Every structure is written in C-alpha cells, then in structure tokens.
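Encoded as structure tokens, the structure appears first; notes follow it.
The values are calculated or read from the model by the stated rules, or taken from the named source; none is laboratory data. Since the structure is predicted, the reported quantities are computational estimates derived from the model, not experimental observations. Counting neighbours? That spans all protein chains shown, and the Cβs are built from the backbone with ideal geometry, glycine included. Keep in mind that these areas ignore ligands, DNA and RNA; they rest on the heavy atoms of the full protein, side chains included. Shrake-Rupley method; radii C 1.70, N 1.55, O 1.52, S 1.80 Å.
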Amino acid sequence: VEILNALILANPSLAIARFNLATVYAGDKRFREAADEYNAALKLEPENDATRLALVKAYATIADYQDALPFAEQYVKRNPADWEGHYLLGSAYRGIGRYADAENELTQAVQKHPDEYGLQYQLGFVLAHEQKAAEALPYLQKALALQPDSSEARFQLANVLKALNRPDEAQQQMEAFRKTKQQGVEENIAAATGSGANQ
C-alpha cells in the first residue's frame, strides 16, 4: 500500500497503479477503499472492463448495490456473453428490490453457467420472493446439491416446500437447517475456547 500510494502520488494518471492498489485493499478486505481506487482507475481507463468488473464486485461485497448498478449495467451491455456480469447485475437488482429484473439477469446467468451454487441459490431466492414457489424449487434443490452444507439454501427450500403444501418435506428441511445452525454455533464456541486456551 505504501509503495503504490507513493507511485500514485508521483504518477496520478497511472491507472495500473490504482488498479493494483485497489486489488491489495480488496485482498485485505478493505472493500470501500478498493472500490474508490477501482473507480479512479476506471476514470483513467474507461474502456477497461476488467476494472469495471472488479469495481462491481467490490461494491457488491459491501452490499452497495445502488452504486454497483450503473457499472454492472455497462459491463453486461459491453460483455453480454459473460455469465458473471449477468450474475452481478442480477444480484444488484435483487439488492435494490427489482426482483423481475433480477430474475431476468439471473436466468441468463444460470443458462450460461448452471453448475454455480450462487447462481442457483440467488435465482431460487428471487423466484420464491416473487411467490413463484414451483419455479423456485428446482433451483434451490440444485443449489443444495451443489453445496449441501448451505443453511441459507436449506431454509429457503423449507419455505418453498411449505408454500407448495408439502409440510413433511418442509419440516425435514427445517430440522436439517436447525441442526446445521446448531453445529455452526458449537464449532464457533469450540474455536473460541481453543483460542482462549492457546492464549
């Protein structure tokens, strides 16, 4: 960070230095600072789609979907075949409550890249939120098949099964959800206890 800041101070128009500084910030989970630097780099190189995509990811990581949206829309317009662009744009739409737009983008992303847990879960979530339980079901089932320990997918699946009047299956999923959550709590307690013992 120190070296790159010095380089930027000496060469304010050097986009690659700002991009690299943003990447260092992102690696250190300083996503707000990363977004600021990616934004500065993009102003210097407006045609750089790698920077544009990285900027959208930084905003999405801190749930700043409003700021992410215009850059995500630009990226998808410029790269319509890229599933990740549709995924990020769909996530941004979901984040600001534009569920119909989110459904459209996430559907395109799933068609292009069907074996990605996040895509299946997000689309299932959006469809469930739109009261389309029957349509949401296969996506949430696929999400859970891809990531069996996902408590969020299991919880949404239980709700969808309940909405479809399948109470026994819903109850099974809810019990599995509670068990997964309890196990997570116990692992956190064990980790904290072990850390205390080490200290």
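Along the axis of the charge dipole computed for the chain (Cβ charges of +1 for Lys and Arg, -1 for Asp and Glu, origin at the Cα centre), the listed residues A58, H113, Q141 are led at the positive end by Q141.
With a simple spin-label model that places each label point 7 Å from the Cα along the Cα-to-Cβ direction, the separation between I96 and R178 comes to 4.0 nm. Heavy atoms only, probe 1.4 Å: what % of the accessible area of the chain goes to carbon and sulfur, would you let me know? For the chain, the apolar C and S fraction of the accessible surface comes to 51 percent. Remark: the range 13-81 carries a charge dipole of roughly 80 debye about the Cα centre, counting +1 on each Lys and Arg Cβ and -1 on each Asp and Glu Cβ.
Taking each DSSP H run with n ≥ 4 as -39500 (n - 2.57) and averaging over every residue of the chain yields -26500 deg cm²/dmol at 222 nm. Let a ≥ b ≥ c be the square roots of the eigenvalues of the Cα gyration tensor of the chain; is it rounded (a/c under 1.5), or, if not, prolate (a/b larger than b/c) or oblate? Oblate is the answer for the chain, as a/c is 1.5 or above yet b/c matches or exceeds a/b.
Overall, the range 22-156 carries a charge dipole of about 180 debye about its Cα centre when +1 sits on the Cβ of Lys and Arg and -1 on the Cβ of Asp and Glu, all other atoms neutral. Note: relative contact order over the chain, using C-alpha pairs below 8 Å and six or more positions apart, is 9 percent.
What the phi angles of the range 49-64 give under the Karplus curve with 6.51, -1.76 and 1.60, with θ = phi - 60°, is a coupling list of 6, 5, 5, 4, 5, 5, 5, 4, 4, 4, 4, 5, 4, 9, 6, 9 Hz, glycine and proline written as x.
Taking the longest Cα principal axis of the chain as reference, the axis of helix 117-129 is set at about 60 degrees. Working from Cα positions, state the angle (0 to 90°, nearest 10) between the long axis of helix 15-27 and the longest principal axis of the chain. Computed tilt is about 40 degrees. Placing a label point 7 Å from the Cα of Q66 along the Cα-to-Cβ direction, the residues of the range 81-106 whose backbone N falls under 20 Å of that point are 89-102. Between helix 99-112 and the chain, what is the angle of the helix's C-alpha long axis to the longest principal axis, kept within 0 to 90° and rounded to the nearest 10? Tilt relative to the chain: about 90 degrees.
Ligands, DNA and RNA are left out, and with a 1.4 angstrom probe the accessible area of the chain is 55 Å² per residue.
Summing charges over neighbours of A22, with a neighbour being any other residue whose Cβ is under 14 Å away from its Cβ, gives +2 when K and R count +1 and D and E count -1.
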